[in-house]
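The values are calculated or read from the model by the stated rules, or taken from the named source; none is laboratory data. The shown structure was predicted, so the numbers you read here are calculated from the model rather than taken from an experiment. Glycine gets a Cβ as well: all are built from the backbone with ideal geometry, and neighbour counts include every protein chain shown. In case anyone asks, the SASA skips ligands and DNA or RNA and just uses the protein heavy atoms, side chains included. Shrake-Rupley method; radii C 1.70, N 1.55, O 1.52, S 1.80 Å.
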Amino acid sequence: MWISKTIFNHFKSRLNFTPNYAPLSLLSPRRFASTIAQNPSTFNSIHDANQQVIDFPGGTVKFIPEMRFISESSPQRIPCYRVLDDDGQPLANNFVQVSEEVAVRMYSNMVTLQIMDTIFYEAQRQGRISFYATTIGEEAINIASAAALTRDDVIFPQYREPGPLLWRGFTLQEIAHQCFSNKYDNGKGRQMPIHYGSNKHNYFTVASTVATQVPHAVGAAYSLKMDKKDACSITYFGDGGSSEGDFHAALNFAAVMEAPVIFLCRNNGWAISTPTSDQFRSDGVVVKGQAYGVRSIRVDGNDALAIYNAVQAAREMAISEERPVLIEANVSFLFVYSLFQALTYRVGHHSTSDDSTKYRPANEIEWWRLARDPVARFRKWIERNGWWNDMAESELRNSLRQQLLHSIQVAENIEKPPIEDIFNDVYDVPPSNLREQEQWVKDTIKKHPLDYPENISA
């Protein structure tokens, strides 16, 4: 399916590439066609005996007399797409303009993530919840990508994407219910804090297992394609996820089945304490898309407008051309592609179980927090447009803080789900061994009530 001229020209004006990489004018929806291998003796001559081809599975291949190895790397690194510089100034005008309403909503949600992370992190340190993971430094990827999607698009998160849920209307009170595992938690208290999920918002439940959500997103995208839905799926993962077999299987699966899925890689430089230099020797994650036949781009993950434009373009490609796209967004460089790698930086610790100063300098973290803060950069842009000011900033932050503190107070005083919910929803008729375990748990709680929260009912 050839991309329409309107969309084609639209993308061409928005995403520019250096001459070493394919500009949009050279991108083609054509796939390599699979053919039946011919007998090697039946070569098709082109011009002379030294230039022959064979119809090999995957397409026609030319023969050459010279021995040439494919280089392990390109002389130049893949460039990184950005719209705003570090001071919030547009580099050009060839990007999709965002309305005042959308821009202010994006900024408000990014600030919400910041304050939410601060308060819930403190709550964990106070022993009020058992675990938490922040999105500090990755607010632009969370919110801008969500803003570029529609409610029909299906989200497969890792564990650092509460932003898309907030954007779609998941409330701060619902966030608190999940983190405190009370009876109003959608997961019935079975998951760790920050493992959100919402059927209503097309947001699959978070799983801690690294990269398992990536092939799931491909399957969902293929289902959307079969049902002829005007929608795609998107999956988020980190650079560590790209080191898992699930990532490679998913890219190949998506390319072969021509599934409308966006792979958004948050290359934030660290897989917990493992730096990218210990994970791969390639030019980041973005180059891995081409090997599987997946269109890819690198993007500045700290630039909300760049993420918004890249994800919106990737979505249109994925649906109109029935193809996967990889986007890379990460720390030392940023990419956007049909495999979308966004370059950003994880300013916070990996989780409350981690102390990142043990493996990276504290002054490096502080520099990224102050000099490359995606929220501050986007604020400068909306202020220059006359859409924001100090008074609005103060009112927003004070209001959010009060809302969050109230949500926490409410959530921690609500009783936990009933004990039987631990054992339900697997078997239609639970086997006897599960019933015995359920009774044993209830008896233990009654026997040792001081060892359990007061709001657990046996």
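Odds and ends about this structure:
- Cα centroid separation, the range 189-223 to the range 88-144 (Å): 20
- Förster-model FRET efficiency, 45 Å R0, Asn413 and Ser71, C-beta, rounded to 0.05: 0.15
- Whole-Hz couplings from phi, Karplus 6.51/-1.76/1.60, listed for the range 126-140; x for Gly and Pro: 7, x, 7, 10, 8, 6, 6, 9, 8, 10, 4, x, 10, 5, 5
- When peptides 146-157, 287-298, 257-268 are sorted by average Cβ neighbour count within 10 Å, with the highest value leading, the order is 257-268, 287-298, 146-157.
- Residues with amide H under 5 Å from that of Ser296, placed H, sequence gap 5 or more: Leu326, Ser338, Leu339
- With the highest mean first, a sort of the peptides 78-84, 135-141, 436-442 on other beta-carbon atoms found within 10 angstrom per residue produces 135-141, 78-84, 436-442.
- Accessible surface calculations at 1.4 Å, restricted to protein heavy atoms, place the range 100-413 at 36 Å² per residue.
- Estimated from the Cβ-Cβ distance and a Förster radius of 25 angstrom, the FRET efficiency linking Ser399 and Gln89 is about 0.30.
- Distance-filtered residues of the range 405-420 - backbone nitrogen under 16 Å, label point 7 angstrom along Glu122 Cα→Cβ: 405-410
- Ranked by how many other beta carbons lie within 10 Å on average, peptides 318-326, 276-284 from highest: 318-326, 276-284
- Accessible area of the range 100-413 belonging to carbon and sulfur atoms, whole % at 1.4 Å probe: 49
- Cα-based shape type of the range 100-413, given that a ≥ b ≥ c are square roots of the gyration tensor eigenvalues and the cut on a/c is 1.5: rounded
- Converting phi to 3J(HN,Hα) with the Karplus coefficients 6.51, -1.76 and 1.60 and the offset θ = phi - 60°, the range 79-90 yields x, 10, 7, 9, 10, 9, 7, 5, 9, x, 9, x Hz in sequence order, with x at every glycine or proline.
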